[in-house]
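Readers should treat all values here as calculations from the given coordinates under stated rules, not as data from a laboratory. Predicted model only: the values in this text are computed from it and were never measured. Cβ: placed from backbone, ideal geometry, glycine included. Neighbour counts: every protein chain shown.
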Amino acid sequence: MRNASDTATTSASGSPTVVRVIRGVQVLAVVAAAIGVLVFPQTGPGPFIMSVGVVILSYACMATGWNFVGGFTGYISLGHAAFTGLGGYLVGLLILRADVPSWIALVLAAVIVAVLSIPIGFASLRVRGASFVIMSLALVLIMLLIFQSWSDVTGGSNGLRVPRPFGPEVLRPEQHERFYYLHVLLLVIMLVAWWAIDRSRFGAGLKAIREDEDKAQSLGIPTFGYKLSVYVISAFFTALAGGLYALWFGFLDPIFQFSILTGSYMVLMSLLGGIRSLFGPALGAAIVGYAIEFFKAQYGDTQFHLVALGLLLGLVVLFMPEGILPSLGRLLDRLRPSATSIREESAEELANKRAVLVGDNGGAS
């Protein structure tokens, strides 16, 4: 016996099937990407290619850490290199000066950076827009000046050598593989944390701040407390990424660690992949990180890679302002047919449904 709901389901043009297909494609894409990342070291890449993989994963961790602030609140920080650089230097100093084991130093350094980010957040998060960007840039320059001038502790322009945690008996290719999987683990932890916040009440408040901070505050959301909390979380994760990079690379240079370019890369990667999406920064890091290493390998010490990345950023802003993943999501939404509501049906369709209902009721009686 047919009823009105059966007719409505039929008029939906099989939309549940299309929705299942689209979701299946999305799940398959994520699973395929995860399998590809995990089996990459087993495909026999050379030491150089393996090191490029570690660098790209390091960028992915940094960009994902940055996305806790940029993605949730919409505050564009170009100064997160201060947290990655500070995390790296604190790891090295804790190991060398305080004889702290490497992995404890990594976590302890990230905690210290998170604590230090509280007063920094109190000062910088009271302004918005261009003023916030300028303050974030000033933070990087201050850190660069301190660590370059304080040579007795940091090594100054001569840099700082960080002991590698696995010892000299582990060869460099094996170091690359181990740190590759360590970066994968850190990235997974970051993604899970971002996913959990995105689906929490805290995340809903952060997204309200991103859309309209004044209106969110008028609705009773403690906007400053929310911003400061996610700022500290972001500093903690970016410091972890910087510290893990320091343990892998083994040498820290203040000009490189506290480079404005590093913060710009984080922003570019997140914008390219999708600043408001879970996997967007990681996808952007894979594209931009590979492009950086490719242009450096092809053109040596020239600055051509900066020109290429500038052009890439311009194209993203012009044609995909929300990033690759949100653009693909909108495209899939267009392919997803929606069910027809009663208000959208014509009088003839309503009359046909009424006739069906009358006939079914008559047969039942």
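Considering the options VAL31, ALA82, VAL232, tell which one lies farthest towards the positive end of the dipole of the chain, charges being +1 on Lys and Arg and -1 on Asp and Glu at the Cβ, about the Cα centre.
The residue sitting farthest along the positive end of the dipole is VAL232.
Given contacts defined as C-alpha pairs under 8 Å and at least six residues apart, what's the relative contact order of the chain, whole-number percent?
Details: 468 pairs, mean separation 114.9, N = 365.
Answer for the chain is 31 percent.
Counting only the backbone N, which residues of the stretch 236-270 are under 16 Å from the spot 7 Å out from the Cα of ARG161 toward its beta-carbon?
247-253
Assuming R0 = 51 Å, what is the FRET efficiency of VAL170 and ARG128, from their Cβ-Cβ distance, to the nearest 0.05? Mind dumping the intermediate values first?
Details: r = 48 Å, r/R0 = 0.93.
Computed FRET efficiency for VAL170 and ARG128 comes out at 0.60.
Tell me, what ³J(HN,Hα) does each residue in the stretch 157-170 have, in order and in whole Hz, if you take phi through Karplus 6.51 cos²θ - 1.76 cosθ + 1.60 with θ = phi - 60° and put x for Gly and Pro?
Once rounded to whole Hz, the list reads 5, 6, x, 9, 8, 10, x, 6, x, 8, x, x, 6, 8.
What's the FRET efficiency of VAL100 with PHE202 using the Cβ-Cβ distance as r and R₀ = 41 Å, to the nearest 0.05?
On the way: r = 32 Å, r/R0 = 0.78.
Result of the calculation: an efficiency of 0.80.
Give me the extension gain from LEU332 to PHE319: residue separation times 0.36 nm, minus the current Cα-Cα distance, reported in nm with one decimal. Before the final figure, lay out each step's value.
Details: separation 13, 0.36 × 13 = 4.68 nm, distance 1.74 nm.
Gain on extension, LEU332 to PHE319, equals 2.9 nm.
Output the 0 to 90 degree angle, nearest 10, between the alpha-carbon long axis of helix 280-299 and the longest principal axis computed from the alpha carbons of the chain.
Long axis of 280-299 versus the principal axis of the chain: about 50 degrees.
DSSP loop (so not H, G, I, E, B), at most 15 other Cβ within 10 Å: list which trypsin sites (Lys or Arg not before Pro) in the stretch 155-208 pass both filters.
On the way: sites: ARG161, ARG178, ARG199, ARG201, LYS207; in loops: ARG199.
Sparse-neighbourhood loop trypsin sites (Lys or Arg not before Pro): ARG199.
Which residue fluctuates the most in the chain, going by a Gaussian network model with Cα springs under 10 Å, if the choices are VAL184, VAL100, VAL307?
Its mean-square fluctuation being the largest, the pick is VAL307.
Using R₀ = 22 Å, calculate the FRET efficiency as 1/(1 + (r/R₀)^6) where r is the Cβ-Cβ separation of GLN303 and ILE142; round to 0.05. Before the final figure, lay out each step's value.
Details: r = 25 Å, r/R0 = 1.14.
The value I calculate is 0.30.
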